[in-house]
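K.L.:
Let me begin by handing over the structure; questions about it come next.
The values are calculated or read from the model by the stated rules, or taken from the named source; none is laboratory data. Just so it is clear, the structure is predicted and the values come from calculations on it, not from any experiment. Quick reminder, even Gly has a Cβ in these numbers, built from the backbone with ideal geometry, and neighbours come from all protein chains shown. All accessible areas refer to the heavy atoms of the entire protein, side chains included, with ligands and DNA or RNA removed. Shrake-Rupley method; radii C 1.70, N 1.55, O 1.52, S 1.80 Å.
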Amino acid sequence: MERSVMQLLLERENYRFYAASIATMAEFTLSLLILGYFLSLKGKTRDTWLMVGYMGLNLLVYLVDIGVTSSKPAVYMYFRVAHTILLSALTVFWTWCAYAYRGKPMYREAISIIILETVGLGWLIIYQSRNITNPSFNSAVFYPFILVIGIHAWTVVVLLRRSAKRFREQERIRENTPINQARSARSLQILALLFACWLSFVLGSIISVSPLIYHLGQMVLLLGILILHLNYAEEVTTFQVKLVSLPVATTLALLGILPFLLYGDLAPENKEGVNNATLQDQLSVFAWLIPGATIFVLVAFVLFYWIGLLRPLGRLLSAVRRIEAGEFDTQVLVLSQDELGYFARSLQRMAASLKVSYDELENRVTERTAELQASLEQLKATQTQLIQKEKMASLGELTAGIAHEIQNPLNFVNNLTEVSQEIVGELKEEETKPNPDPALRKELLGDLEESLQKVNHHGKRADNIVKGMLQHSRTTGGEKQPTDLNALADEYLRLAYQGLRAKDQSLTIAFRLNLDPTLGRVNVVPQEIGRVLLNLYNNAFYAVQQRTRNLAPGEGEPYQPQVEVSTLRENGHVELRVKDNGTGIPSEIVGKIYQPFFTTKPAGQGTGLGLSLSYEIVTKGHGGEIRVASKPGEFTEFVVRIPG
């Protein structure tokens, strides 16, 4: 009775151990551990998922390869077909990995190559399946394997091309090259060299007909992929994985290669098909040693590495983090007498020393902070005094102008008072006459009324001047109110000029007033804007005064000092310009004129706060701006622009 394929696969008599079977078991176990490591990573990137897929397919290939290397001819062909199918799938997936690993994939070329591979490998698999019972089956197995080797050789070229492209990009932007880009280029290069090495082992095994060389290549490939990922992965890896991977991988590699070294290529059965019982027993020991040794190494890792190394290292790392966070009282609980214990005690002493230094530094910082706070308070008081001094200086300038300006109405009042007294005397004299003249009496009363009206007018003029002085002397800003800027500019110009004339009678300055009649009232703080105007006027007068003094007798054309004041309403804003034809401002100091305490005047003639305060009033107090344009030796023009 003919048995089914499943029955053949399940019969134990159809399997026997071979040295290649033991090597494949070791490769299967190692790939299983690597896959478990990849899956254990947190926050896996796309590259790690590519490696998960590659190792998963590799695991299936090794599982079927165990059947290939241990099966008898009755079932060998079925395992070989399954192996070819899985190896083809692995090859196609690896091609995609070669094009997409480490970002910037070459999609178009990858898809074209994968389609060609799929067609070629699919056709060879179909050809192999149809010849499963034919004597030509061995040659049918060989063809897909050769194509797989050729595809892997092409992927090596792809990896080298991509790494070279990354290195060229790195050269172009060497100074700003991201670290990840440099690591990606290096990892692609290493991966290409790794697969090139694997291909050399495979070709060597074909030429020498030695399965030992083939399985050495498999071990090198698996170890290389693990080491590459441990060193170039973007995820956070742990030190314990690096510690355990080396002994486990070394143990499995030795167990996989050792049967070849001990027994060579001895056949597991003689020519009559009878099993070599002694060889089977010896290889069975290795078959049990592979999982046993793996478990033993993992248990030894827990008992030795974790208890004796990783746990103390974890405590040391935790202590370092707490000390870094400022917890200098941290106790390092590592009591061993080895290097780790010595390091722990040194760390404890360092923490104690740091605590002493930290406390000392904290005390010094506290003392220094108190000193700085006292200095800051003193600076604030000094600044307040200087600002008040600047205001008083401007008040002094204004007072000099007011004293000169108020003299006119006072003179009028005095003169008119004397005239009024004379008129009153004439009226009294007329009343004593026996026949007073009504017409004369009426004329004298009219003159008296006119004189009193003029006294009243000049008295109000003096009163307004005094009120303006009082407003300017206020230390607080006051509130905004609708103000006639034209009148304000005119009044402060005359007051500033009179203050200058009180000091220097020889200086005569020509004024040009271009005041916009449509300006209307503007919502400002009049005393603050008056202070700004006074500062600008005084600076303009000082500039023309200095230019006048600097002129040598008979030098050039006659110089006429001139100050021009203009106002303009434009695009919802009001502009006020003050221009003089004085000395001008050198370009190298234009950017400094608004800095507090900066002045070009000789010591004692300026505080350096006038323009600084004006800038604060215009920009912060009124939401406007103040600009300056100047040409040394020709002119200076200040432009005050505020919302109107």
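K.L.:
Have a look at MET350, MET392 and point out the one that is at pLDDT below 65, in a helix (DSSP H, G or I) and open to solvent by 60 Å² or more (accessible area, probe 1.4 Å).
P.N.:
It is MET392.
K.L.:
Answer yes or no as to whether SER136 is at pLDDT below 80, small (Gly, Ala, Ser) and over 26 Å from MET25 (Cα atoms).
P.N.:
Judged against the criteria, SER136 is a match.
K.L.:
Mind listing whichever residues of the range 566-590 are without any contact (Cβ under 8 Å) to a residue 24 or more places away in the chain and surrounded by 13 or more Cβ atoms within 10 Å (Cβ to Cβ)?
P.N.:
Kept after step one, since they are without any contact (Cβ under 8 Å) to a residue 24 or more places away in the chain, are these residues of the range 566-590: 570-571, 588-589.
Once the filter is applied, which keeps residues that are without any contact (Cβ under 8 Å) to a residue 24 or more places away in the chain and surrounded by 13 or more Cβ atoms within 10 Å (Cβ to Cβ), the range 566-590 yields nothing.
K.L.:
Does LEU507 fit the bill of being of a type outside the set (Ser, Thr, Tyr), at pLDDT 85 or above, in a loop (DSSP other than H, G, I, E, B) and surrounded by fewer than 20 Cβ atoms within 10 Å (Cβ to Cβ)? Walk me through it before giving the result.
P.N.:
Details: of a type outside the set (Ser, Thr, Tyr): yes; at pLDDT 85 or above: no; in a loop (DSSP other than H, G, I, E, B): yes; surrounded by fewer than 20 Cβ atoms within 10 Å (Cβ to Cβ): yes.
Here the answer is no, as LEU507 does not meet what is asked.
K.L.:
Taking the condition within 29 Å of VAL158 (Cα to Cα) and open to solvent by 20 Å² or more (accessible area, probe 1.4 Å), does LYS44 pass?
P.N.:
Considered against the rule, which asks whether it is within 29 Å of VAL158 (Cα to Cα) and open to solvent by 20 Å² or more (accessible area, probe 1.4 Å), LYS44 comes out as yes.
K.L.:
Would you check which residues across the range 247-256 are open to solvent by 20 Å² or more (accessible area, probe 1.4 Å) and either touching a His at 6+ places or on another chain (Cβ under 8 Å) or of a type in the set (S, T, N, Q) (or both) and list them?
P.N.:
Within the range 247-256, THR250, THR251 meet the criteria.
K.L.:
Return a yes/no flag: does the range 402-409 have any residue that is modelled with pLDDT under 70, among the small types (Gly, Ala, Ser) and touching a helix residue (DSSP H, G or I) at 6+ places or on another chain (Cβ under 6 Å).
P.N.:
No.
K.L.:
What is the residue count in the range 82-104 for residues that are open to solvent by less than 30 Å² (accessible area, probe 1.4 Å) and on the phi > 0 side of the Ramachandran plot?
P.N.:
2
K.L.:
How many residues does the range 510-532 contain that are part of a helix (DSSP H, G or I) and of a type outside the set (Gly, Ala, Ser)? Give the derivation first.
P.N.:
The first filter runs over the range 510-532 and keeps only residues part of a helix (DSSP H, G or I), leaving 526-532.
Those still in the list that are of a type outside the set (Gly, Ala, Ser) too: 526-529, 531-532.
Number of matching residues: 6.
For every residue, the table says whether it meets (1) in contact with a helix residue (DSSP H, G or I) (Cβ under 7 Å, 6 or more places away or on another chain); (2) touching a residue at least 60 places away in the same chain (Cβ under 8 Å); (3) among the β-branched types (Val, Ile, Thr).
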residue	(1), (2), (3)
ALA487	no, no, no
ALA496	yes, yes, no
ALA502	yes, yes, no
GLN505	no, no, no
ILE509	yes, no, yes
THR518	no, no, yes
VAL524	no, yes, yes
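K.L.:
Mind telling me which of the residues TYR62, TYR78, TYR107 ends up being touching a strand residue (DSSP E or B) at 6+ places or on another chain (Cβ under 9 Å) and either closer than 22 Å to MET219 by Cβ or surrounded by fewer than 20 Cβ atoms within 10 Å (Cβ to Cβ) (or both)?
P.N.:
Only one candidate qualifies: TYR78.
K.L.:
Looking at PHE38, is it assigned to a helix (DSSP H, G or I) and either touching a Gly at 6+ places or on another chain (Cβ under 8 Å) or of a type in the set (Asp, Glu) (or both)? I'd like the intermediate steps shown before the answer.
P.N.:
Details: assigned to a helix (DSSP H, G or I): yes; either touching a Gly at 6+ places or on another chain (Cβ under 8 Å) or of a type in the set (Asp, Glu) (or both): no.
Spelling it out, it is not the case that PHE38 is assigned to a helix (DSSP H, G or I) and either touching a Gly at 6+ places or on another chain (Cβ under 8 Å) or of a type in the set (Asp, Glu) (or both).
K.L.:
Same structure again: For the range 596-612, which positions are modelled with pLDDT of 70 or more and open to solvent by less than 30 Å² (accessible area, probe 1.4 Å)?
P.N.:
LEU609, GLY610, LEU611, SER612 - these are the residues of the range 596-612 that are modelled with pLDDT of 70 or more and open to solvent by less than 30 Å² (accessible area, probe 1.4 Å).
For every residue, the table says whether it meets (1) at pLDDT 75 or above; (2) under 30 Å from PHE142 (Cβ atoms); (3) more than 41 Å from the chain's Cα centre (by Cα).
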{"site": "GLN170", "(1), (2), (3)": "no, no, no"}
{"site": "ARG174", "(1), (2), (3)": "no, no, no"}
{"site": "LEU188", "(1), (2), (3)": "yes, no, no"}
{"site": "ILE207", "(1), (2), (3)": "yes, yes, yes"}
{"site": "LEU216", "(1), (2), (3)": "yes, yes, yes"}
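K.L.:
Considering (1) at pLDDT 70 or above; (2) closer than 20 Å to GLN498 by Cβ; (3) surrounded by 17 or more Cβ atoms within 10 Å (Cβ to Cβ), say which one LEU398 fails and leave the rest.
P.N.:
(1)
K.L.:
Now for a separate question. On the basis of being open to solvent by 10 Å² or more (accessible area, probe 1.4 Å) and either at pLDDT 90 or above or not in a loop (DSSP other than H, G, I, E, B) (or both), does ALA496 make the cut? Reasoning before the result, please.
P.N.:
Working: open to solvent by 10 Å² or more (accessible area, probe 1.4 Å): no; either at pLDDT 90 or above or not in a loop (DSSP other than H, G, I, E, B) (or both): yes.
Here the answer is no, as ALA496 does not meet what is asked.
K.L.:
Then there is this: Search the range 244-283 for residues being among the polar types (S, T, N, Q) and modelled with pLDDT under 80, and hand back the single one that is farthest from SER31 (Cα to Cα).
P.N.:
Ranking the qualifying residues of the range 244-283, first place goes to ASN270.
K.L.:
Sticking with this one: If you check TYR559 against the conditions, is it farther than 18 Å from GLY644 by Cβ, of a type in the set (Phe, Trp, Tyr) and not in a loop (DSSP other than H, G, I, E, B)?
P.N.:
no
K.L.:
Does the range 548-555 include one or more residues that are among the hydrophobic types (A, V, I, L, M, F, W, C), surrounded by fewer than 17 Cβ atoms within 10 Å (Cβ to Cβ) and at pLDDT below 90?
P.N.:
Yes: one or more hits.
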